[in-house]
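Below is one structure, written out as structure tokens, with a few remarks after it.
Just so it is clear, none of the values below were taken in a lab; they were calculated from the coordinates. Owing to the predicted nature of the structure, the values given are computational and were not obtained by experimental measurement. Ideal geometry is used to build each Cβ from the backbone, glycine not excepted, and the neighbour counts take in all protein chains shown.
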Amino acid sequence: MFGAYELAYRGNGKLSVLIIDQGHDVKNRKCPVQNYKTCTKCPVCSIMSGVGGAGTLSSGLLNLRPDIGGDLIEFTGDEKGAWDLVNYVDSIFLKYGAPKDVYRGDVDEAIELQRRSASCGIKFLPITQRHMGSDGAPKVIDNFKADLEKMGIKFMLDTRVEDVNAGKVILENGTTLNARYILLAPGRVGANWAADVARRLSIPAKHEPIDIGVRVEVPAFVMAPIIAVNRDPKFHIYTDTYDDFVRTFCVNHQGFVVKEVYDKFVGVNGHSMTETTSDNSNFAFLVRVVLTEPVEDTTAYGRSVVQQATILGGGEPIIQRLGDLRMGRRSTWTRISHSQIKPTLRSATPGDIAMAMPHRIVADIIEGLEKLDEIIPGVASSSTLLYAPEIKFSANKFEVNNDLETPIENLFVAGDGVGLSRGIVGAAANGVIAGRGILKKASLL
Ligand SMILES: Cc1cc2nc3c(=O)[nH]c(=O)nc-3n(C[C@H](O)[C@H](O)[C@H](O)COP(=O)(O)OP(=O)(O)OC[C@H]3O[C@@H](n4cnc5c(N)ncnc54)[C@H](O)[C@@H]3O)c2cc1C
């Protein structure tokens, strides 16, 4: 939609633009289960597919930084260009009704936290966030779509694209559409399909790093001082033993740990609600795994790790106290009951994460938490709860030039499904870059 916006707005309507999506219009996007990972009811998942993509039914948190959810500097070449893009994307969200207020936290306190973190070898990333909310995001997208239609953009919905080729889009019913320029942005839901397209068209696409780790749960009062500075604090750490990159992600203050069911394994995630709160806070603590030759397939490696954890947990996530992990013994419900913290996910199996995950990942988690404890005292206490496995896969990254054009002339790509972003703002900025790239090729910019 951001690509189409550029074509309509800057191209003064000189190109005719069609958006094709296998999902429904905003108002028809309803999920009976409200969990795309466990739902098997709909042939086309309404959470992942439809106008506005996966962002429409999300909580619509806009991370307003060019190095979060992808790295825009890679395409703009400089920081200023990347920040300009973020601000431009944000201005479009505002134009279509995103709330004016942002979460920025107290600037002085954020600087102090940055300073304290740096003194312990940790990078704290202060971040401005705009929160559209799960009720607000669909309205913003609906307004956006209405304006695109006013500018002459057409939508073809409930239509799956079967294949693309130079200048051709083949629909599931066999119809072939001719297109001078194609922008392929199929998101996470279309990542495997995009990888197939890359193989068929011989577009180089490489495996990206994945993140494997645990969900950490602590008493909410342990996190409260940090949450006062930033509602989703992001800390980046390099561990001493392996020099591996470990980060905090998706902090849920007073939230709940939840199980996710995949096809052959289970994982964990976290969420928080405005009305129902818990006494705990949770966050993902993830180790970045990069593989080089002879085995580069990070997805296959990640799957084997989480499948092993699933076997050990008897089909449930494993829960362990950090103290038990350090002592080299499994947790039991009796041991867990000695801690002051009560787990929010009771279906997990008390066990030993060291039996389920490679030593290097376990060592990174323990060392990383001990470092983080210097900034958030109590986070590495013996009673801290760890749930495993938590995993974030990445789509294969397409080879593109700075306008996001692939080696196939006039075939542009954008977003999470082609490994170029990992969030709403990054994906939207990709759309803007590709839209401008098309305008350049059409000599309209
Ligand atoms: C539950 C959930 C919550 C999230 N919350 C946030 C958040 O708060 N903040 C944040 O920054 N990010 C969040 N994200 C991530 C964010 O939604 C994505 O990063 C972003 O939507 C990626 O945009 P995209 O354009 O690359 O792909 P998408 O938004 O996934 O859009 C891709 C579209 O392509 C369509 N498509 C795919 N294949 C085909 C095909 N063959 N034919 C036709 N159509 C096809 C799909 O139907 C879909 O509508 C969340 C994701 C999920 C799943």
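Before moving on, here are some points about what is shown:
- When the inverse distances between all different Cα atoms of the chain are averaged and flipped, the Kirkwood radius reads 23.0 angstrom.
- Ranked for footprinting exposure by Cβ neighbours inside 10 Å, fewest first, Glu390, Glu316, Glu370 give Glu370, Glu316, Glu390.
- The 3J(HN,Hα) values that the Karplus relation (6.51, -1.76, 1.60; θ = phi - 60°) gives for region 332-341 are, in residue order, 10, 4, 5, 4, 5, 5, 6, 7, 7, 8 Hz. Gly and Pro appear as x.
- Footprinting exposure proxy for Ser49, Ser383, Ser119 (fewest neighbouring C-beta atoms within 10 Å first): Ser119, Ser383, Ser49
- For the chain, averaging the sequence separation of C-alpha pairs within contact (under 8 Å, six or more residues apart) and dividing by the residue count gives a relative contact order of 22 percent.
- For region 236-252, Karplus couplings with θ = phi - 60° (6.51, -1.76, 1.60), whole Hz, Gly/Pro x: 10, 10, 10, 7, 6, 5, 9, 6, 8, 8, 10, 9, 8, 7, 6, 7, 10
- Tensor-based shape of region 235-311 (alpha-carbon gyration tensor, a/c under 1.5 rounded, otherwise prolate or oblate): oblate
- The simple spin-label model puts a point 7 Å past each Cα toward its Cβ; for Thr176 and Thr241 those points are separated by 5.8 nm.
- Residues Asp416, Asp352, Asp196, Asp78, ranked from the fewest to the most other C-beta atoms within 10 Å, line up as Asp78, Asp196, Asp352, Asp416.
- Using 0.36 nm per residue and subtracting the Cα-Cα separation, the extra length available between Phe393 and Ala224 on full extension is 57.9 nm.
- Estimated FRET transfer efficiency (Ser347, Leu157; beta-carbon r; R0 51 Å; 0.05): 0.85
- Three principal axis extents describe the C-alpha atoms of region 167-250; from largest down they are 59, 31, 20 Å.
- Residues whose amide H comes within less than 5 Å of that of Ile210, counting only those at least five positions distant or on another chain, are Val289 (H built at 1.01 Å from N in the peptide plane).
- Across region 210-392, C-alpha contacts under 8 Å between residues 6 or more apart give a mean separation that, scaled by the residue count, equals a relative contact order of 32 percent.
- Taking 18 Å as the straight-line reach from the Cα of Lys371, the aspartates and glutamates in range (excluding those fewer than 8 positions away in the same chain) are Glu112, Glu217, Asp240, Asp243, Asp244.
- Only Cα sites of region 210-392 enter the Debye sum here, all with the same form factor; the resulting log10 I(q)/I(0) across q = 0.14, 0.19, 0.20 1/Å is -0.69, -1.33, -1.48, listed in q order.
- Amide H contacts of Gly187 (H built 1.01 Å from N, in plane; Pro and chain starts excluded): Asp416, Gly417, Val418 sit under 5 Å, all sequence-distant by 5 or more or on other chains.
- Note on Lys441 and Tyr262: the model spin-label points, each 7 Å out from Cα along the C-beta direction, lie 3.4 nm apart.
- Theoretical FRET efficiency, 1/(1+(r/R0)^6), r = Cβ-Cβ of Ser382 and Glu74, R0 45 Å, to 0.05: 0.60
- Computed extension length for His338-Asp135: 69.0 nm, one decimal, from 0.36 nm per residue of separation with the Cα-Cα distance subtracted.
- Take every DSSP beta bridge whose two residues both sit in the chain; close to 85 percent of them are antiparallel.
- Under 5 Å, built H, 5+ apart or other chain: amide partners of Phe155: Ile19
- Within-10-Å neighbourhood charge of Thr239 [Cβ basis; K, R +1; D, E -1]: -4
- Remark: spin-label model distance Ser59-Ile20 equals 3.6 nm, labels positioned 7 Å along the Cα→Cβ axis.
- Gain in span if fully extended, Arg360 to Gln308, counting 0.36 nm per residue against the direct Cα distance: 17.2 nm
- The count of lysine pairs in region 1-111 whose Cα atoms are under 28 Å apart, excluding pairs fewer than 8 places apart on the same chain, comes to 10.
- Along region 290-298 the Karplus relation, 6.51 cos²θ - 1.76 cosθ + 1.60 evaluated at θ = phi - 60°, assigns HN-Hα couplings of 10, 10, 10, 4, x, 10, 10, 7, 5 Hz to successive residues, with x for each Gly and Pro.
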